[in-house]
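Q: To start, I am sharing the structure in question, which I have written as structure tokens.
The values are calculated or read from the model by the stated rules, or taken from the named source; none is laboratory data. Quick caveat, the model's predicted, so the values are computed rather than measured. Cβ sites come from the backbone with ideal geometry, for glycine too, and all protein chains shown count toward neighbours. When the accessible area is computed, the model is the full protein with side chains, heavy atoms only, and any ligands, DNA or RNA have been set aside. Shrake-Rupley method; radii C 1.70, N 1.55, O 1.52, S 1.80 Å.
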Amino acid sequence: MTIVSLKELRAELQELAEPAVRAQQERVLSRAEDDELLGVRVPVLRKLARSYHGLSLDDVDVLLGSRVHEERFAGLLILAEQVRTTRATDRKTLVDFYLSRTDCVDNWDLVDGSAHVVLGPWLLDGDLRVLDELAASSWLWDRRIAVLATLALIREGRFEPTFRLVLTLRQDPEPLIHKALGSMLREIGRRDEPLMMAFLDRHLDELPRTTVRYATERLAPAERARFVKGR
């Protein structure tokens, strides 16, 4: 059996870095001053996560504490692989670990790449009150995790938790939350467009403009115009 190591993963990340990808990341990510970008593509990170999914939680914790962006991302994807390959009844330790380290999930790509595949599966049979706790957090990324995690529920045809979060967070001051809310409404619309439109009809005047624009991106032009006109 091959024993993977944290040192090997870090070396591979350095080798797989691409300057052009790094330049693109610098344009689209709002990062902290001490955040180091390597320029590793997300599909490459996902492949590495599958290869290194046997790392211990202690090693994953080291990755999450790194200021190298791709090391944190790799740690989260490894955690997601561990959730995927662990029985539902045994996932609590992994989910608790994730929730204890959300301070390291500090950019939109890290949230969007992890929330629905680490926390999301737990929500299918777990306590949804964790969504309310995250939504009430002062940490922007906790609130976005709450929203994005509901994608796992949406894929199972369970839409109410997302609708509830949209109303809870509709006055959030952060545009990144407005975008996340709209994206999840759009995902609901992919599965039940009339239901999503009915929700918008009921709450249109309460919702941020950005949320409505994101939610209606897939609608027919005439229908979309009805919602976004004048907004």
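Q: Can you name every residue in the stretch 185-229 that is outside any helix (DSSP H, G or I), charged (D, E, K, R) and under 21 Å from Pro175 (Cα atoms)? Show your work before the answer.
A: Looking only at the stretch 185-229, we keep the residues that are outside any helix (DSSP H, G or I), and these are 192, 207-208, 216-220, 229.
In the following step, the residues that additionally are charged (D, E, K, R) were identified as 192, 217-218, 229.
Glu217, Arg218, Lys229, listed by residue number.
Q: Given the options Arg209, Arg226, Arg186, name the one that is surrounded by 14 or more Cβ atoms within 10 Å (Cβ to Cβ) and within 26 Å of Trp141 (Cβ to Cβ). If you could, list the steps in order and put the result at the bottom.
A: On the way: Arg209 fails: surrounded by 14 or more Cβ atoms within 10 Å (Cβ to Cβ); Arg226 fails: within 26 Å of Trp141 (Cβ to Cβ).
Within the list Arg209, Arg226, Arg186, the selection yields Arg186.
Q: Now for a different question. Go through the stretch 31-45 and count every residue that is part of a loop (DSSP other than H, G, I, E, B), open to solvent by 50 Å² or more (accessible area, probe 1.4 Å) and of a type in the set (Asp, Glu).
A: 2
Q: Evaluate the following for Gly65: is it at pLDDT 95 or above and either open to solvent by 40 Å² or more (accessible area, probe 1.4 Å) or more than 15 Å from Trp108 (Cα to Cα) (or both)? Talk me through it step by step, then tell me what you get.
A: Numbers: at pLDDT 95 or above: yes; either open to solvent by 40 Å² or more (accessible area, probe 1.4 Å) or more than 15 Å from Trp108 (Cα to Cα) (or both): yes.
In short, yes.
Q: Which residues, counting only those in the stretch 1-30, are of a type in the set (Gly, Ala, Ser) and either in contact with a Cys (Cβ under 7 Å, 6 or more places away or on another chain) or not in a loop (DSSP other than H, G, I, E, B) (or both)? Outline the logic, then answer.
A: At the first step, the residues of the stretch 1-30 found to be of a type in the set (Gly, Ala, Ser) are 5, 11, 17, 20, 23, 30.
Matches in the stretch 1-30: Ala11, Ala20, Ala23.
Q: Inside the stretch 110-148, can you point out the residues that are open to solvent by 30 Å² or more (accessible area, probe 1.4 Å), assigned to a helix (DSSP H, G or I) and aromatic (Phe, Trp, Tyr)?
A: The answer is Trp122, and nothing else.
Q: Same structure, new question: Which is under 24 Å from Leu99 (Cα atoms), among the aliphatic types (A, V, I, L, M) and assigned to a loop (DSSP other than H, G, I, E, B), of Leu63, Leu55, Leu48?
A: Details: Leu63 fails: assigned to a loop (DSSP other than H, G, I, E, B); Leu48 fails: assigned to a loop (DSSP other than H, G, I, E, B).
Criteria check complete, one pass: Leu55.
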